[in-house]
1. From the list VAL251, VAL281, VAL272, which residue is of a type outside the set (Ser, Thr, Tyr) and part of a strand (DSSP E or B)?
2. Within the stretch 172-193, can you find the residues that are surrounded by fewer than 12 Cβ atoms within 10 Å (Cβ to Cβ) and either among the β-branched types (Val, Ile, Thr) or assigned to a helix (DSSP H, G or I) (or both)?
3. With ALA168, ALA201 as the choices, which residue is small (Gly, Ala, Ser) and either in a strand (DSSP E or B) or surrounded by 17 or more Cβ atoms within 10 Å (Cβ to Cβ) (or both)?
4. I'd like to know if the stretch 293-302 contains one or more residues that are touching a residue at least 40 places away in the same chain (Cβ under 8 Å), of a type in the set (A, V, I, L, M) and in contact with a Phe, Trp or Tyr (Cβ under 9 Å, 6 or more places away or on another chain).
5. Enumerate the pairs (first residue in the stretch 62-90 and on the phi > 0 side of the Ramachandran plot; second residue anywhere and not in a strand (DSSP E or B)) with beta-carbon separation below 6 Å, excluding pairs fewer than 6 apart on the same chain, so at least 6 apart or on different chains.
6. Quick one: which strands (runs of 3 or more DSSP E) lie wholly within the stretch 52-99 and hold at least 1 residues that are more than 28 Å from GLN280 (Cβ to Cβ)?
7. Report yes if some residue within the stretch 279-299 is of a type in the set (D, E, K, R) and surrounded by 16 or more Cβ atoms within 10 Å (Cβ to Cβ); otherwise report no.
Amino acid sequence: MRPIVILVGIILSLIIGKLFLFPGSDGVGSGKEKALGSNAKGAKGSGGAAVPVEVYIASLERVDNRLFASGTVVPNEEVDLKAEIAGRLIKLNIREGGPVAKGQLIAKINDKDLRAQMVKLEYNAALTRNIEQRQKKLLSIEAISREEYEIAVNNVQTLEADKELIMAQLEKTEIRAPFSGTIGLKSISEGAYLSPGTSVATLVQINPVKIDFTIPEKYSKSIRLGSTVKLGLDDDTKDYSARIVALDPKVDEALRTQRVRAIMQNPGGTFVPGMFVKVQVDLTANSETIMIPTDAIVPVLKGKKVFVVKNGKAEEVMVTTGLRNDQRIQVTDGLRAGDSLIVTGIMALKPGVSVKVKK
């Protein structure tokens, strides 16, 4: 009982001492709390201040739509000259890498056996023609039947057909240039025995030359036959031009590209078949397009977006883009002319944040 009385006395002594020694402690504490509360409210209110930004006014402008591609030089004409019949090569009339005129004799195969057959046929043909003439006179006086005369006529016609066959075989012993061009390296020498299909040499026509290149399928409607493309070569500052002459009627399913062929004159032989060239295609100019700075684009999961200023606040807009260069990008959908596009501080913006446009 006594310890409890002592403990109660100590507690009462502490309470009385606090009241007399620290009379204003509650007021001070409450004042601090009020001050802290007012500061917190002030800090919370400062979070609604407008964010200063710079804007770009979107407008319609004319843009030169250019497409760059890699091309390959292709000869205008190219053929692998081959033997049609078997025989020994007795003449090879070419200079490797030299010019060849259309119809020029390239190679000659031994034809003595065919010429001997031709002489024999000519003798037989002369004899059958004489027989046919005599039979015709006898038929006129009815000394022979019409059947006998018709047999004589058939013999004449048969020998003429055999003669044409030999002449066709003789033509095959000569390999001639089908067009004017440049002969390549020979694949065989004189004296060799040729079989049907044996390659002799390659003939190419390098003036004019063709340029083959591919374009993405989305630009296929912008390419027109007869339009001009610009060409460039490595280590050559001169600009060249070619004319589009053909479009592949189908699109490559794997690459989603379409082949295009252009043609150009090559009198100096500057362009060699197989050479790499840089192709620049001027597509149809678009006078109703909007170009914006590339820094204004924000990539997101569903595509691309930008921020515009509306009623003093930042608002996000999803956009569809097209062509681009090192500084600007084309917007095909999402923006209209006159929109105020935010171009600075984009990463710190959120939809609905108040903004202040810098002058």
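1. Details: VAL251 fails: part of a strand (DSSP E or B); VAL272 fails: part of a strand (DSSP E or B).
Just one listed residue meets the conditions, VAL281.
2. None; the set is empty.
3. On the way: ALA168 fails: either in a strand (DSSP E or B) or surrounded by 17 or more Cβ atoms within 10 Å (Cβ to Cβ) (or both).
After applying the criteria, what remains is ALA201.
4. From the stretch 293-302, those touching a residue at least 40 places away in the same chain (Cβ under 8 Å) are 293, 295-296, 298; that's our starting set.
Among the residues that remain, those that are also of a type in the set (A, V, I, L, M) are: 296, 298.
Next, from what is left, pick out any that are in contact with a Phe, Trp or Tyr (Cβ under 9 Å, 6 or more places away or on another chain): 296, 298.
Yes, that holds for at least one residue.
5. So the pair list comes out as GLY87/ASN110.
6. The strands (runs of 3 or more DSSP E) meeting that bar are 55-57, 66-82, 87-92.
7. No - not one qualifying residue is present in the stretch 279-299.
Residues checked against (1) at pLDDT 90 or above; (2) among the charged types (D, E, K, R); (3) within 30 Å of ALA50 (Cβ to Cβ); (4) assigned by TED's automatic domain parsing to the domain that holds ALA58:
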position	(1), (2), (3), (4)
LEU233	yes, no, no, no
GLU253	yes, yes, no, no
GLN258	yes, no, no, no
PHE271	yes, no, no, no
ALA314	yes, no, yes, yes
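The values are calculated or read from the model by the stated rules, or taken from the named source; none is laboratory data. What you are looking at is a predicted structure, and each value in this text was computed from that prediction instead of being measured. Quick reminder, even Gly has a Cβ in these numbers, built from the backbone with ideal geometry, and neighbours come from all protein chains shown.
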